[in-house]
Amino acid sequence: MNVEEEVGRLRLEIERLGTVQPDGSTVVKFGILFNDDRCANLFEALVGTLRAAKKRKLLTYDGELLLQGVHDNVDIVLFK
């Protein structure tokens, strides 16, 4: 699977697990995404896929590298 496909699947999973905001963006906590069984099976390197999506300006989150436990409460915001 190429990076574009993985980023597309990540978008769908964030929409499935997240909450739509009044501005049309979708927000999900990193811990929810990381601990979801479906995401664990889909993404071999979730953090790498998040970084690729952030680099493409499809989403944003605070910091550069997200770590399980330490960053579970970090909001991942998927742009509309």
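The values are calculated or read from the model by the stated rules, or taken from the named source; none is laboratory data. No experiment lies behind these values; they were computed from the predicted model shown. Only protein heavy atoms, including side chains, enter the accessible area calculation; ligands, DNA and RNA are left aside. Shrake-Rupley method; radii C 1.70, N 1.55, O 1.52, S 1.80 Å.
Computed extension gain for Thr19 through Asp62, at 0.36 nm per residue and net of the alpha carbon distance, reaches 13.7 nm. Each part gets one Cα centre, and for the stretch 32-74 versus the stretch 1-25 those centres are 11 Å apart.
The residues of the chain have, on average, 63 Å² of accessible surface per residue, using a 1.4 Å probe with all protein chains present.
For the chain, rounded, prolate or oblate, judged on the Cα gyration tensor with a ≥ b ≥ c (square roots of eigenvalues), a/c < 1.5 rounded, else prolate if a/b > b/c? Because its axes are fairly even, with a/c under 1.5, the chain counts as rounded.
For Ile32, the solvent-accessible surface with a 1.4 Å probe is about 90 Å², rounded to the nearest 10.
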